[in-house]
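Participant: Questions regarding the structure given below will be posed in turn.
The values are calculated or read from the model by the stated rules, or taken from the named source; none is laboratory data. This one's a predicted model, so the numbers in the text were calculated from it and none came from an experiment. For neighbour counting, all protein chains shown are included, and Cβ atoms are generated from backbone atoms with ideal geometry for every residue, glycine included. What goes into the accessible areas is simple: the full protein's heavy atoms, side chains included, and nothing from ligands, DNA or RNA. Shrake-Rupley method; radii C 1.70, N 1.55, O 1.52, S 1.80 Å.
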Amino acid sequence: MKGVNKIGMIITKILEVFHWVGAALMLGATICSVAAQDFVKYFVSFDAKECCGANLTVYGFEVNAPVVKGSVETTSFFIFGIGAVIILAVMAMVFRNLYLIFKNSENATPFQKDNVRLVREIGIFAIAVPVIGFIMSVIVRMVIGVERAEISIDMSGILMGIIILCLTQFFAHGVALEKDVDGLL
């Protein structure tokens with residue numbers, strides 16, 4: 001079990017760092033979309049076509065940004081970038097919490113109050129990702145226009161978050177049972 005715990009700690013820490021780096025890079029790209037608009041084409045021009053647009057996506061939040069004169073329309077990219085930065089930061093927090101759960105359970109039982117709180121936060125974060133995508137899609141539609149904005153949102157994170165929040169109750173019950181057993185010994 002210690003080997004699985006170590007591997008879990010390593011993988012979750014790597015994924016956390018990748019998500020923070022992704023959020024930082026996306027923040028840089030978002031700032032470039034305002035400060036140096038010609039620079040945006042270096043981020044998304046590889047598959048961007050005038051007829052179809054550029055498909056921007058992160059964790060189920062998709063925006064098909066219009067392409068004007070070979071470059072992605074910067075307003076839609078800017079709004080997408082804000083949503084992407086927030087979503088990547090939330091996902092980094094998910095992996096941070098998973099790392100802390102592995103770390104807390106390294107030499108002790110996983111049924112601890114801190115772990116219950118961390119699992120509950122993971123459930124909330126899982127629900128937050130599609131909610132953030134929905135809010136950002138509404139903003140994109142208001143700013144860009146309904147007829148020009150093509151948006152897609154994957155709402156499965158809400159279901160996953162509800163499942164995780166339900167599992168939190170089992171962890172809380174496990175904490176109470178551990179407390180009872182410790183009191184008997």
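Participant: Filter segment 148-177 down to the residues that are farther than 30 Å from Glu73 by Cβ and not hydrophobic (A, V, I, L, M, F, W, C) and list them by number. Outline the logic, then answer.
Facilitator: Within segment 148-177, the subset farther than 30 Å from Glu73 by Cβ is 159-177.
Once the filter is applied, which keeps residues that are farther than 30 Å from Glu73 by Cβ and not hydrophobic (A, V, I, L, M, F, W, C), segment 148-177 yields Gly161, Thr168, Gln169, His173, Gly174.
Participant: Which residues, taken from segment 52-85, are part of a helix (DSSP H, G or I) and closer than 23 Å to Ala128 by Cβ? Break it down stepwise before answering.
Facilitator: Applying the first criterion (part of a helix (DSSP H, G or I)) to segment 52-85 yields 74-85.
Correct list: Ser76, Phe77, Phe78, Ile79, Phe80, Gly81, Ile82, Gly83, Ala84, Val85.
For (1) more than 18 Å from the chain's Cα centre (by Cα); (2) at pLDDT 90 or above; (3) under 15 Å from Gly60 (Cβ atoms), each residue gets a yes or a no:
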residue	(1), (2), (3)
Pro110	yes, no, no
Arg117	yes, yes, no
Arg148	yes, no, no
Ser156	no, no, yes
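Participant: Going by the structure shown, is Met26 modelled with pLDDT of 95 or more, assigned to a helix (DSSP H, G or I), open to solvent by 20 Å² or more (accessible area, probe 1.4 Å) and not β-branched (Val, Ile, Thr)?
Facilitator: On the way: modelled with pLDDT of 95 or more: no; assigned to a helix (DSSP H, G or I): yes; open to solvent by 20 Å² or more (accessible area, probe 1.4 Å): yes; not β-branched (Val, Ile, Thr): yes.
Against the criterion (modelled with pLDDT of 95 or more, assigned to a helix (DSSP H, G or I), open to solvent by 20 Å² or more (accessible area, probe 1.4 Å) and not β-branched (Val, Ile, Thr)), Met26 does not qualify.
One line per residue, one yes/no per condition, for (1) touching a helix residue (DSSP H, G or I) at 6+ places or on another chain (Cβ under 7 Å); (2) aliphatic (A, V, I, L, M):
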| position | (1), (2) |
| --- | --- |
| Ile87 | yes, yes |
| Asn104 | yes, no |
| Asn107 | no, no |
| Lys113 | yes, no |
| Phe125 | yes, no |
| Ser156 | no, no |
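Here's the yes/no breakdown for (1) in a helix (DSSP H, G or I); (2) over 30 Å from Glu73 (Cα atoms); (3) open to solvent by 60 Å² or more (accessible area, probe 1.4 Å); (4) not acidic (Asp, Glu):
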residue	(1), (2), (3), (4)
Ile87	yes, no, no, yes
Val90	yes, no, no, yes
Met93	yes, yes, no, yes
Arg96	yes, yes, yes, yes
Ile101	yes, yes, no, yes
Thr109	no, yes, no, yes
Val116	yes, yes, no, yes
Ile132	yes, no, no, yes
Arg141	yes, no, yes, yes
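Participant: Give all pairs with beta carbons closer than 6 Å in which a residue from segment 105-122 that is on the phi > 0 side of the Ramachandran plot meets a residue that is hydrophobic (A, V, I, L, M, F, W, C) and at pLDDT 90 or above; count only pairs at least 6 apart in sequence or on separate chains.
Facilitator: none
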